[in-house]
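For reference, the structure is listed below as structure tokens.
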Amino acid sequence: QIAGIGPPHPLPHLPSNQGGDEAVTIRNAVDSDAGIEASGQSCATNLSLTLLTQINQAVAVHGTRFDYIDPLQIQTKEDRSIWLRTSAEIFSLLLPDSYEQVVQHLMSLVTPLDPTFHIDLSVVQRFAKMIVASGCDYRKVFQKRAAVMKDPHNTVVWQFPVAGFPQPTTLLSAGSTQYVFFHGTSEEGCIGILRCGKVLRSTTDGVGMPPGKFCLGFFCKAIVGWPTQQQTAAAATDMFFHGKNQCNVVIQGVAKGSHYKPLTADTHREQIWLQRYPVIHSSSKDKRWCIREDVAHITHFNLIFNSDEDWGTWQGV
């Protein structure tokens, strides 16, 4: 049994891709202070004794350091899968004893827990498994009480604030516009985000970038300014139901800058426009946004519960 909680064994970094001056110029520079720890050891197909030992270490000794990786080393889906392979293996092999205390901690931050509101506990359990697999110090990251919100479509949102996540590495002028973004991902993607403390850039093959061009940001939904609680619940739910979202966790954060809206919708061109603008608002039907990684930081993790049952009149706490 895996009884403790701790960080996954850090993976060796992939060889850097030379070239792509535009990506290197705008690339953020958190590498020096984000706690990269390359081990030089290969990924094992199964959990090794070393992995088990590290998982059993106490969380307290790890602080809130993140295993940030140079985006140029995880440009493709294959590179990203290699980087997250050990975390994914840990996730698939975790037993309840290893993440139950994380579940209890998350539940303790949600008040009041009205027994008339039915939730799917497996949603909380899977989020707890992502936290454990990422090595995130959950007690330091999740300290504040969660807001509980309900939208008109029988969906309840638990909004967990986070502490200690990396701030933007490019600070723009005081008059910059603020954008609150909502990003959907897979369980593997969520593990990666928890592990490095940033929303990962899109992969070049996922976006269809031309040869020699690199992604600088991620796609999301966004609201200009500060949303109300109802707007937040609606935006998080909207992202949850988006066709490309693959789990019950929607990442929320803030970006600052000024946006540009191209006349035509094209994912790879929107990434290229990020060389000149920090935020792009697409002309596509889904009204997506594309935000450059260096101007964004994560503020909340939204846990989404959807049910056809009667949720009563509880609107939030």
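The values are calculated or read from the model by the stated rules, or taken from the named source; none is laboratory data. Owing to the predicted nature of the structure, the values given are computational and were not obtained by experimental measurement. So basically every Cβ, Gly included, is an ideal-geometry build from the backbone, and we count neighbours across all protein chains shown. Ligands, DNA and RNA are excluded from the accessible area calculation, which covers all protein heavy atoms including side chains. Shrake-Rupley method; radii C 1.70, N 1.55, O 1.52, S 1.80 Å.
Data overview
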{"quantity": "Checking S92 against (1) within 20 Å of the chain's Cα centre (by Cα); (2) in contact (Cβ under 8 Å) with a residue 40 or more places away in the chain, the condition it does not meet", "calculated": "(2)"}
{"quantity": "Looking only at the range 256-269, and only at residues there that are out of contact with any His (no Cβ under 6 Å at 6 or more places or on another chain) and without any contact (Cβ under 8 Å) to a residue 40 or more places away in the chain, the one that is surrounded by the fewest Cβ atoms within 10 Å (Cβ to Cβ)", "calculated": "L263"}
{"quantity": "Hits in the range 235-255 (condition: crowded, with 21+ Cβ neighbours inside 10 Å and either among the hydrophobic types (A, V, I, L, M, F, W, C) or in contact with a Pro (Cβ under 8 Å, 6 or more places away or on another chain) (or both))", "calculated": "A235, A236, M239, F240, V249, V250, I251, A255"}
{"quantity": "Condition met for G253 (outside the structural domain of T76 (by the TED database) and modelled with pLDDT under 95)", "calculated": "no"}
{"quantity": "Selected residue (only one of D120, D151 is at pLDDT below 90, touching a Ser or Thr at 6+ places or on another chain (Cβ under 6 Å) and in the same structural domain as H297 (by the TED database))", "calculated": "D151"}
{"quantity": "Test set (1) in contact with a Cys (Cβ under 8 Å, 6 or more places away or on another chain); (2) over 25 Å from K150 (Cα atoms); (3) of a type outside the set (K, R) - M239 fails condition number", "calculated": "(2)"}
{"quantity": "Residue list for the range 243-257, restricted to those being within 14 Å of the chain's Cα centre (by Cα) and not in a strand (DSSP E or B)", "calculated": "N245, Q246, C247, N248"}
{"quantity": "Hits in the range 168-194 - residues which are buried (at least 23 other Cβ atoms within 10 Å of the Cβ) and more than 9 Å from the chain's Cα centre (by Cα)", "calculated": "Y179, F181, F182"}
{"quantity": "Test: residue in the range 130-142 that is open to solvent by 60 Å² or more (accessible area, probe 1.4 Å) and not in a loop (DSSP other than H, G, I, E, B)", "calculated": "yes"}
{"quantity": "Residue within the range 229-236 that is free of Cβ contacts under 8 Å to residues at least 60 places away in the same chain and closer than 30 Å to V156 by Cβ present", "calculated": "yes"}
{"quantity": "Single condition F165 does not satisfy, out of (1) aromatic (F, W, Y); (2) under 30 Å from L93 (Cα atoms); (3) surrounded by 23 or more Cβ atoms within 10 Å (Cβ to Cβ)", "calculated": "(3)"}
{"quantity": "Hey, Q231 part of a helix (DSSP H, G or I), over 20 Å from Y68 (Cβ atoms) and either of a type outside the set (S, T, N, Q) or open to solvent by 10 Å² or more (accessible area, probe 1.4 Å) (or both) or not", "calculated": "yes"}
